[in-house]
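One structure is given here, and the rest of the page talks about it.
No lab work stands behind these numbers, since they all come straight from the coordinates. Because the structure is a prediction, the values reported are computed rather than measured. Heads up, the Cβs are rebuilt from the backbone with ideal geometry, glycines too, and the neighbour counts pull from every protein chain shown.
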Amino acid sequence: MAEEVLVFGAWGSPFSRRVEMALKLKGIEYKYIEEDITNKSPSLLKYNPVHKKIPVLVHNGKPVAESLVILEYIDETWKDSPILSKDPSERANARFWAKFIDEKCLPAIFKACWGEEKEHEKALEEATELLQFLENELKEKRYFGGETVGLLDIAANIIGYWLGVFEEASGTELLTREKFPKLCNWANEFVSVSAIKENLPPREKLIAYLRNRFGVGTASKYTRHL
Amino acid sequence: MADEVVLLDFWASMFGMRVRIALAEKGIKYEYKEQDVFNKGPQLLETNPIHKKVPVLIHNGKPVCESLIIVQYIDEVWKDKSPLLPSDPYQRAHAKFWADFVDKKVYEASKRVWTSTKGEEREAAKKDYFETFKILEGELGDKPYFGGETFGFVDLSLIPFYSWFYAIETFGEFNLEAECPKIIAWAKRCLHKEMVAKTLQDEKKVYELVGQLRKLQGLE
């Protein structure tokens, strides 16, 4: 029986792009369905009734939701080009940092870019502190996964590409080369990998979308007062 | 070389209880180190510098943090006994999704109830709490456990919250069994398991703790 792999996503979402990156890395064919998140399709609501969000992977009719859960499912189902180590300690480490990115980094980055003006300095400080943990975690490795792109690199796509776009869209400076030389190098390596490069939303389109949706950014407003 | 397993934990932590249940299921000997979460000690801060929270499992000197990550780690290291997760990738993904739901929704919904002030805030928190458990009841369906015929990963991730039900019901002024009878029936079934019954904490002690926490937050 032929495999049917569907991915419900949104062009600008780092979360659905993660799923596509993993599938591309493993050479898995899939059909992509673009969702309008302001007008969700009956299929999406059927496949993810609990959260009603993208991404959803549907494999032979069976849905899997939550990007990090999907990444692990992909790795367990298609065993070529593994994205997780076999070693339990390394696996726990990758999972820990991926969760950290989603639960701590992203909200902090967002606050630094588009949060309330009076909290701007504090938000910048917090985001910087959190990024420092990732900088330290990278150490001398080429990728978080070691010699090849792994689950944590894919989860860190937010840092690798979206962060730079957020910065430009909102006029905030976070990922500077002086403060984060390792992360900056990693980001360059990451976006050069073909399975990743092919799955990045167009920069200008994303900037326009972010500005439209979230405004010009706290830092831009801040500097206007000076 | 014998394994050295240490658990940094707090008696009432539902997250810590998950790990204790997992360790008990696998028959792993470990050293339990009770932490003062109001005055965190150096070992906790050193082994979990990012979140500074319990539980932390230290296996042969290496720390693992975040309860569900710890449980998966335990399942992968001590893989020859009592699997905590199914072996089929789709069922594993399903279990991880629901455990993640418990993490994202149940803790926050619970906290909102016991930190709420009377009136509108409490009513909104209660509504959210019931909705969360109704969704879980939907997922449970007619199965004895979330894991199907046997106690599994999702059951383990949720059952420690049972220790907190009495406190939340009392402060929230409601009866969970009336709203979500299936959940209570499921919990009682889980309590028949020795590992679970031994690990879950006295609900009256938890109630006292919540009272203390409310005072600390200026809610009493």
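Near B:THR117: Cβ cut-off under 13 Å, other residues only, Lys/Arg at +1 and Asp/Glu at -1. The net charge is 0.
Say the dipole of chain B comes from +1 at the beta carbon of Lys and Arg and -1 at that of Asp and Glu; which of B:ILE159, B:TYR207, B:VAL106 then lies farthest toward its positive end? Farthest along the dipole direction, towards plus: B:TYR207.
Please work out the C-alpha center-to-center distance from the range B:156-192 to the range A:101-169 and express it in whole Å. The range B:156-192 and the range A:101-169 have Cα centres spaced 38 Å from each other. Near B:SER82, no amide H atom lies under 5 Å from its own; only residues 5 or more places off or on other chains count, and H is placed 1.01 Å from N. Among rounded, prolate and oblate, which fits the range A:80-226 when a ≥ b ≥ c are the square roots of the eigenvalues of its C-alpha gyration tensor, a/c under 1.5 means rounded, and a/b larger than b/c means prolate? Prolate, because a/c is 1.5 or more and a/b exceeds b/c. Of all stretches in chain A that contain no trypsin sites (Lys or Arg not before Pro) in a DSSP loop with at most 16 other Cβ atoms within 10 Å, the longest one is A:87-138. Based solely on its DSSP helices, what 222 nm [θ] is calculated for the protein assembly as shown when runs of n ≥ 4 H residues each add -39,500 (n - 2.57) and the sum is averaged over all residues, nearest 500 deg cm²/dmol? Helix-only estimate at 222 nm: -16000 deg cm²/dmol.
In the neighborhood of A:PHE15, defined by Cβ-to-Cβ distances under 10 Å, what is the net charge if each Lys or Arg adds +1 and each Asp or Glu adds -1? Taking every Cβ under 10 Å from that of A:PHE15, the sum is +1. Among the GluC sites (Glu not before Pro) in the range B:64-157, those located in a DSSP loop and surrounded by at most 13 other Cβ atoms within 10 Å of their own Cβ are B:GLU149.
Between A:LYS31 and A:THR148, the FRET efficiency from the beta-carbon distance, with R0 = 22 Å, is close to 0.25. Projecting the Cα atoms of A:THR128, A:ALA94, A:VAL191 onto the charge dipole of the range A:86-226 (Cβ charges, centred on the Cα centre) puts A:VAL191 farthest toward the positive pole.
In order along the range A:47-58, the Karplus-derived 3J(HN,Hα) couplings, from 6.51 cos²θ - 1.76 cosθ + 1.60 at θ = phi - 60°, round to 7, 9, x, 6, 9, 6, 10, 8, x, 10, 9, 10 Hz, and Gly and Pro are given as x.
Other residues with beta-carbon under 9 Å from the beta-carbon of A:LEU44 carry, at +1 per Lys or Arg and -1 per Asp or Glu, a net charge of +3. The loop-placed GluC sites (Glu not before Pro) in the range A:3-65, going by DSSP, that have at most 14 neighbouring Cβ atoms within 10 Å of their Cβ come out as A:GLU3, A:GLU4, A:GLU29.
List the GluC sites (Glu not before Pro) in the range A:148-226 that DSSP assigns to loop (not H, G, I, E or B) and whose Cβ has at most 16 other Cβ atoms within 10 Å. Which are they? Passing both the DSSP loop test and the Cβ count: A:GLU173, A:GLU178, A:GLU198.
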